[in-house]
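> Structure below; questions to follow.
Values quoted throughout were computed directly from the atomic coordinates according to the rules given, and no laboratory measurement underlies them. Worth saying up front: this structure is predicted, and the values here are computed from it rather than measured. Ideal geometry is used to build each Cβ from the backbone, glycine not excepted, and the neighbour counts take in all protein chains shown.
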Amino acid sequence: MTLEDVREGLGKALAEEGSRPLLRLTDEELAVLNPAAAERSIVAAPHLEGMSAQEREWVLATALRSLVSRDLAEIANAAELDVALREGHGSDEVELDMRLSPDLELALALRGTAGRVLAVERTTSAGTEYVYVYLHTRDLLLVEQVTGGGMHSLSLVATVEEAAETIRQLVDPQGVAGHDGSSQELDPQDLQRDAIAPPLKDVIDNALVVGQLVLLADLPGPLLMTYATAEELWAVRVDAPDAPTSVTARRVGRQTLVDRIVHMMAFPV
């Protein structure tokens, strides 16, 4: 069965049964499944960041045991691995014979084969959280929500609109996006905060929630920044992340915010 067959089958199932949670994994569980890929992953691993090499070795060994205990993985050469760990050797010195559960295999395949990913970061005084939407087809998306503590919740989602609502709740947790305002054109050369004029400057200075949405693809997509105060939410759109040609800022209502998120994930007609 090809990947396209899997996508088509999943899309039909989601259309009939609706979206569903898939798995919950930790930073270290994801890292131990593919240590080489973990070093260059686009997905944040907040729990692992800042750990020493020795600390990472310890938590990865524990993560492997966790996967086995939860029946997500089976280690055919577990005895050999145990001997290596007892003798003080790193787990990377033993070639694992690991067999994964169907749901885990599916999650890893969908994470690794999406042609486009919408990466979302939300920062508040409490820390930073993330959402990644892996765009496969119009009726098959994998949504990965990452907490500041490094818990990854993966779900199969049936529509772009449903994924957009998840993101809206992340960047506007208090629901302050009320109504639309007039659009404000910004000079790309004046993107430094001190060069931005009111009212946007005041919104940025008083923002309680800051969101960043960027489409990761072969051709980089637009960047959308959101700034939510206690009373309103503004969205700043940049045409291209590293070479902005047009920058617009606007106070937005709930539906406009959702529409902009949907537009970033739109599939070609």
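> Amide H of Ser19: which non-local residues (sequence gap of 5 or more, or other chain) have their own amide H closer than 5 Å, using H built in the peptide plane?
Here Ala158 satisfy the definition.
> Ok, one more. If neighbour count is taken as other Cβ atoms inside 10 Å, put Met265, Met1 in order from fewest to most.
Details: Met265 21, Met1 6.
The most exposed by this proxy come first: Met1, Met265.
> Further question: How would segment 26-108 be classified by its alpha-carbon gyration tensor: rounded, prolate or oblate, with rounded meaning a/c under 1.5 and the a/b versus b/c comparison settling the rest? Don't skip to the answer; put the middle values down first.
Values: a/c = 1.88, a/b = 1.07, b/c = 1.75.
Oblate, since a/c reaches 1.5 and b/c is not below a/b.
> Run the helix sum for the chain: -39,500 (n - 2.57) per DSSP H stretch of 4+ residues, divided by residue count, reported at 222 nm to the nearest 500 deg cm²/dmol. It would help to have the intermediate numbers written out before the result.
Values: 9 runs with 93 residues, N = 269.
Result for the chain, helices only: -10500 deg cm²/dmol.
> Let me ask something additional. Which residues in segment 144-172 have a backbone N closer than 16 Å to a point placed 7 Å from the Cα of Arg20 along the Cα-to-Cβ line?
Hits in segment 144-172 for Arg20 at 16 Å: 154-159.
> Can I ask one more? Under a Cβ-Cβ cut-off of 10 Å, what is the net charge of the residues other than His179 that fall near it, where Lys and Arg count +1 and Asp and Glu count -1? Please report the intermediate quantities before stating the final value.
On the way: positive: Arg251, Arg254; negative: Asp180, Glu232.
Net local charge, His179 excluded: 0.
> Would you work out if segment 12-171 is rounded, prolate or oblate? Take a ≥ b ≥ c from the square roots of the eigenvalues of the alpha-carbon gyration tensor; rounded if a/c is under 1.5, else prolate when a/b is larger than b/c, oblate otherwise.
Numbers: a/c = 2.60, a/b = 1.56, b/c = 1.67.
Oblate shape, in that a/c is at least 1.5 and b/c is the bigger or equal ratio.
> How high is the relative contact order of segment 26-108, in percent, with contacts defined as C-alpha pairs under 8 Å that are six or more residues apart? Display every interim value, and only then the final one.
Numbers: 57 pairs, mean separation 22.1, N = 83.
Computed over segment 26-108, the figure is 27 percent.
> Between 0 and 90 degrees, rounded to the nearest ten: what's the tilt of helix 160-171 against the longest Cα principal axis of the chain?
The angle comes out near 80 degrees.
> When every alpha-carbon pair in segment 1-73 is counted, what percent end up more than 21 Å apart?
Cα-Cα pairs in segment 1-73 separated by more than 21 Å: 46 percent.
> Right, next: Quick one: order Arg24, Arg86, Arg237 by neighbouring beta-carbon count within 10 Å, fewest to most.
Values: Arg24 13, Arg86 8, Arg237 20.
The most exposed by this proxy come first: Arg86, Arg24, Arg237.
> Rounded if a/c is under 1.5, else prolate if a/b beats b/c, else oblate: with a ≥ b ≥ c from the C-alpha gyration tensor eigenvalues square-rooted, which is the chain?
Numbers: a/c = 2.48, a/b = 1.70, b/c = 1.46.
Because a/c hits 1.5 or more and a/b exceeds b/c, the chain counts as prolate.
> Can you tell me, using C-alpha contacts under 8 Å and at least 6 residues apart, the relative contact order of the chain as a whole percent? All intermediate terms of the calculation are to be shown ahead of the outcome.
Numbers: 460 pairs, mean separation 48.0, N = 269.
Relative CO of the chain lands at 18 percent.
> Using 1/(1 + (r/R0)^6) with R0 = 30 angstrom and r between the beta carbons of Phe267 and Ser125, what's the FRET efficiency to the nearest 0.05?
0.25
> Label points 7 Å out from Cα along the Cβ direction at Met1 and Asp187: separation in nm?
Here the modelled spin labels are 5.8 nm apart.
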